[in-house]
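Input: a single structure, listed below in structure tokens.
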Amino acid sequence: MSAGLPTAVDDAAEVFDRLRRHLSPKLALTGSFAGRGAVEVSGEGCRVTLSDGRSVLDFGSYAVTLLGHRHPDVVAAVHRQLDTMPTSTRSLANPVAARAAACLAGYLGDVLPKVYFGLNGADVVEVAVKLARVASGRSRVIAVSGGFHGKSLGALALTHSPLYRVGLRGCAVDVVHVDPQDPDAVLRELGAGDVAALVFEPVQGENGAVALPLGVLRRWSEDAARHGAFVIADEIQCGLRRCGERSVALAEGLPVDAVLLGKPLGGGVVPLSALVCSERLYAPLDADPFLHSATFGGHPLSCAALPAALGAIEELAGQGGELSDQLGAGLERIRQRHPGVVSELRGRGLLRGIDFATPRAAGSVVLELATAGLLVSPCLGRPTTVRLLPPLVATAADVTEAVEILDGAIAVAERSAGGSLPGRNGHAHT
Ligand SMILES: Cc1ncc(COP(=O)(O)O)c(C=O)c1O
């Protein structure tokens, strides 16, 4: 160690100690459970190597690693940019951001021509809502029960779970949440007036891989569009072929003014998010680009990754369909083998949720998975669900391995609970 700086390779105990002291004790605790005392060291494809030498299968990473870790095309594109000009002056025009914007608009079929780049998903949720309010002169937003849109103050107002609002009195945006089983809900809210936008995730990720009923989404979107409210599809988690399509909303022909993308948009290598939208929604930014800007918006390193990432996603899209079918069949077998414990399977494409009867049952399975070497993502809004997010680069053998590990982990969790892992209705399953 020199000048008090950490050395490049730290031992795990030191990492957890620093995490506890300088970041969060609870993050240290959950990280320690997930790695069984080891920390992440390197990643390649769908495997992550830990500090104790183990290699684990990554079907988690909160939906970022759709292309796995360090996809070679993306890494090469980012390296080239690193060696040329990683940072923009922000006063001279930047060709990398311009190319990425054109590439992204073209990828979505050139129906939504305008782009704003952020780094996190919440960045573009916020800009979409801000533009909708300025462009419409209205202030209310309709979002959906169970939806997740981020945790910064504006995005948080759209996120349904009260968990992340503890200690806050009120939010930055006036939002009403509607029930996805109620086709009339949006029309009712529009009737009450002052609605700037309708925002929904076509497939809710953090809520446990819940695909919203398409008929309801169509009716809501058409009602909103007819009343001059902007329709915004948050596909930060479900878009970019995670659920099969480049954009779920556009593929279904919903009349959307904007699609929000993030997570794997930087190829799993760099942070990048985007609002891709109509001229009408973007009009305030056309009039004044400084109405909303951020120092690192359109960052060259992130934008350099985008064309490579989209190219790789398209190359692997067919394989994604096969993996999804194989995974679906495997999960169905698991459900049949553990009928008392697995209460429901949900999801679409490479975004799958396995619902357990209680949070305790889901937690036991996640712990067993950590020991057996399969990384999954819990759901921020639904503690009974274990979410699987396999990357497009996974092979059929990887999916077989994941299904076997999962099956074994559920069996071990059942046995170690002495046959008393709570089953359906919360009763002990024997
Ligand atoms: C649908 C959706 N929107 C927005 C967000 C917020 O993204 P970020 O955490 O990058 O701000 C997420 C994150 O999980 C998400 O799933």
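The values are calculated or read from the model by the stated rules, or taken from the named source; none is laboratory data. Nothing here was measured: the structure is a model prediction, and the numbers come from that model. Neighbour counts are summed over all protein chains in view; Cβ atoms, including those assigned to glycine, are modelled from backbone coordinates with ideal geometry. Areas reflect the complete protein model, heavy atoms only, side chains present, ligands, DNA and RNA absent. Shrake-Rupley method; radii C 1.70, N 1.55, O 1.52, S 1.80 Å.
Observations, loosely collected:
- Residues of the range 175-228 satisfying the condition of being open to solvent by less than 10 Å² (accessible area, probe 1.4 Å), away from the ligand (no atom under 16 Å from the Cβ) and among the aliphatic types (A, V, I, L, M): V178, A185, V186, V195, A196, A224
- Just one residue in the set D73, D58 is within 25 Å of the chain's Cα centre (by Cα) and closer than 24 Å to C303 by Cβ; that residue is D73.
- Residue count, the range 134-148 (criterion: within 15 Å of the ligand (Cβ to nearest atom) and open to solvent by 10 Å² or more (accessible area, probe 1.4 Å)): 3
- Residue in the range 284-293 that is of a type in the set (G, A, S) and either open to solvent by less than 30 Å² (accessible area, probe 1.4 Å) or in the same structural domain as V399 (by TED's automatic domain parsing) (or both) present: no
- Each residue in the range 160-172 was checked for being among the small types (G, A, S) and surrounded by 10 or more Cβ atoms within 10 Å (Cβ to Cβ), and 2 of them qualify.
- Filtering the range 265-312 to residues that are assigned to a loop (DSSP other than H, G, I, E, B) and either touching a Phe, Trp or Tyr at 6+ places or on another chain (Cβ under 7 Å) or more than 21 Å from L392 (Cα to Cα) (or both) leaves L272, S278, D288, H292, S293, A294, T295, F296, G297, G298, H299.
Conditions tested, residue by residue: (1) assigned to a strand (DSSP E or B); (2) among the acidic types (D, E); (3) without any contact (Cβ under 8 Å) to a residue 12 or more places away in the chain.
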residue: V134; (1), (2), (3): no, no, no
residue: R138; (1), (2), (3): no, no, no
residue: G150; (1), (2), (3): no, no, no
residue: R169; (1), (2), (3): no, no, yes
residue: D182; (1), (2), (3): no, yes, no
residue: V186; (1), (2), (3): no, no, no
residue: E189; (1), (2), (3): no, yes, no
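- Of the numbered criteria (1) in contact with a Gly (Cβ under 8 Å, 6 or more places away or on another chain); (2) open to solvent by less than 20 Å² (accessible area, probe 1.4 Å); (3) part of a helix (DSSP H, G or I), the one A157 fails is (1).
- Flag for V111 being within 20 Å of V231 (Cβ to Cβ), assigned to a helix (DSSP H, G or I), more than 16 Å from the ligand (Cβ to nearest atom) and over 23 Å from the mean Cα position of the chain (by Cα): no
- Residue in the range 219-246 that is nearest to A143 (Cα to Cα), counting only those that are in a loop (DSSP other than H, G, I, E, B) and without any contact (Cβ under 8 Å) to a residue 60 or more places away in the chain: E235
- Verdict on G68 being open to solvent by less than 30 Å² (accessible area, probe 1.4 Å) and either on the phi > 0 side of the Ramachandran plot or within 19 Å of the chain's Cα centre (by Cα) (or both): yes
- Only one of the listed residues (L291, L285, L260) is touching a residue at least 12 places away in the same chain (Cβ under 8 Å) and touching a His at 6+ places or on another chain (Cβ under 7 Å). That residue is L285.
- Restricting the range 86-107 to residues that are among the polar types (S, T, N, Q) and free of Cβ contacts under 8 Å to residues at least 24 places away in the same chain leaves a set whose member that is surrounded by the fewest Cβ atoms within 10 Å (Cβ to Cβ) is S91.
Listed here are the residues, each with its yes/no results for (1) under 16 Å from the mean Cα position of the chain (by Cα); (2) closer than 28 Å to L108 by Cα; (3) not assigned by TED's automatic domain parsing to the domain that holds L119.
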position: G154; (1), (2), (3): no, yes, no
position: A192; (1), (2), (3): no, no, no
position: Q204; (1), (2), (3): yes, yes, no
position: P213; (1), (2), (3): no, yes, no
position: D223; (1), (2), (3): no, yes, no
position: D234; (1), (2), (3): yes, yes, no
position: R246; (1), (2), (3): yes, yes, no
position: L254; (1), (2), (3): no, yes, no
position: A258; (1), (2), (3): no, yes, no
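- Residue selected from the range 108-132 under the condition in contact with a Pro (Cβ under 9 Å, 6 or more places away or on another chain) and surrounded by fewer than 22 Cβ atoms within 10 Å (Cβ to Cβ), by the criterion nearest to V270 (Cα to Cα): L119
- Residues of the range 247-264 classified as open to solvent by 50 Å² or more (accessible area, probe 1.4 Å), assigned to a loop (DSSP other than H, G, I, E, B) and either on the phi > 0 side of the Ramachandran plot or within 16 Å of the ligand (Cβ to nearest atom) (or both), total: 1
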